[in-house]
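Notes to accompany the following structure.
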Amino acid sequence: MQNGDYMVRATALDGRVRAFALNATGVVSELQRRHGTWPAVSAALGRTAMGALLFSAATLKEEDQALTVEVKGGGPAGRILATANGRGEVRGLVGNPQAHADSRNGKLNVAGVVGTGGYLSVTRDLGMRETYQGTVELQSGEIGLDLAYYLTKSEQTPSAVAVGVFVLPDGSVDAAGGYLVQLLPGLDDDEIAEIERRLGSLPHPTSLVKEGVGPEQVLERVFPDGFELLDRYPVRFHCPCSRERFTGGIVSLGETEIRRIIEEEENDTTEVVCHFCNQAYHFTREDMAAILEAAR
Ligand SMILES: [Zn+2]
C-alpha cells in the first residue's frame with residue numbers, strides 16, 4: 001500500500017553517523033504499473049527511485065529542491081532516471097520497460113538489464129537555477145553499490161547503500177525498501193569496524209523487505225546501542241504534470257512546429273503522453289488552433 005510508505009532520518013554515535021531508511025513498496029508498485037516494467041527492470045527502476053529518495057533525504061534542505069539520479073549502463077533497459085523532491089515525492093522513467101535478462105542464481109539480473117559499462121550521475125536542483133551535478137563510472141550495474149560508490153567518491157562521504165525490490169512471479173511488486181548509512185568525521189577505527197561488521201551481517205536488502213523488516217528495525221539492527229530518530233515522513237509517487245503544463249510546453253515549441261504537428265496529425269485529437277507517469281493528454285483540433293494562436 002502506497003500510504004504505508006515512509007522515510008526515517010536518524011543519527012547515531014553522537015551525530016557522527018547519519019542514517020536513513022525507507023519502505024517504498026507503494027512507490028515502486030506504482031512505477032511498475034505505470035510503466036509496465038518487466039521484473040528485472042522493475043527492480044532497476046525501483047532501486048534508482050529509492051536511491052533518489054534516500055539522497056534527497058540526505059542532501060536537500062528545502063521542500064521545493066529536487067534531486068535526479070540517472071543511470072546509463074549501456075544495457076537493454078536503456079536510460080533509467082528518477083527525480084525526487086524535498087517533500088518525499090518521486091517519479092521515474094526507463095528507456096525500455098520490457099527489457100529482460102536471464103535470472104542469475106534465482107535472483108533478478110538487474111545488472112543484466114542496466115548494463116555495466118556506463119555511468120551514474122546525480123543532479124541536485126537547489127532552485128534559483130542553482131544545480132550541481134556529479135558523475136561516476138558504474139561499478140556493478142546493481143544500483144545499490146553504484147549509489148554508495150557515488151557518495152564515497154564524488155561527495156567524499158563513506159557511505160553504505162542498500163536498496164531492494166521483491167517482485168512476485170506475476171510481475172507485481174511485493175516489497176521494496178532500503179537504507180543509507182553515512183560515516184562522518186570523528187569516528188575511530190573500532191567504531192567504523194563495528195558499523196561495517198553490522199552492515200555486513202545484514203541480509204540482502206531484498207530479503208529484509210521480503211521479511212517485512214521496517215525502516216526503524218533496520219536501524220535497530222545496525223545500531224543496537226540506540227539511535228536518535230530525527231524525522232519520519234511519508235514518501236509517495238507523484239508526477240507534477242498537468243494539461244496546463246503540456247499546453248504551455250506545446251506553445252513554447254513555436255508557431256512553425258505547432259503548424260507541422262497540426263498538419264501531420266491524422267486523427268481528430270493530438271495525444272501527448274507524459275514519459276514520467278504515462279498519463280495521456282488529448283488536444284482537439286480546436287484546442288490546437290487555440291494553442292497556435294497563443295504561440296503567435
Ligand atoms: Zn506525468
For the range 176-183, indicate whether the set of residues that are assigned by TED's automatic domain parsing to the domain that holds residue 31, modelled with pLDDT of 95 or more, among the aromatic types (Phe, Trp, Tyr) and more than 19 Å from the chain's Cα centre (by Cα) is non-empty. no
Top-ranked residue in the range 101-112 [being under 20 Å from the mean Cα position of the chain (by Cα) and part of a loop (DSSP other than H, G, I, E, B); ranked as nearest to the ligand (Cβ to nearest atom)]: 108
In the range 274-292, is there at least one residue being part of a loop (DSSP other than H, G, I, E, B) and either away from the ligand (no atom under 16 Å from the Cβ) or hydroxyl-bearing (Ser, Thr, Tyr) (or both)? no
Criterion first (among the acidic types (Asp, Glu), part of a loop (DSSP other than H, G, I, E, B) and more than 14 Å from the ligand (Cβ to nearest atom)) does residue 257 satisfy it? no
Only one of 88, 117, 73 that is closer than 11 Å to residue 44 by Cβ and either touching a residue at least 24 places away in the same chain (Cβ under 8 Å) or assigned by TED's automatic domain parsing to the domain that holds residue 40 (or both): 73
Has the range 210-233 got at least one residue that is on the phi < 0 side of the Ramachandran plot and within 16 Å of the ligand (Cβ to nearest atom)? no
So, of the residues in the range 69-99 that are assigned to a loop (DSSP other than H, G, I, E, B) and charged (D, E, K, R), which turns out to be surrounded by the fewest Cβ atoms within 10 Å (Cβ to Cβ)? 79
Those residues of the range 264-273 which are out of contact with any strand residue (DSSP E or B) (no Cβ under 8 Å at 6 or more places or on another chain) and in a loop (DSSP other than H, G, I, E, B), in sequence order: 265, 266, 267
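The values are calculated or read from the model by the stated rules, or taken from the named source; none is laboratory data. Just so we're clear, the structure is a prediction, and the values are computed from it rather than from any experiment. Cβ atoms come from the backbone with ideal geometry, glycine included; neighbour counts cover every protein chain shown.
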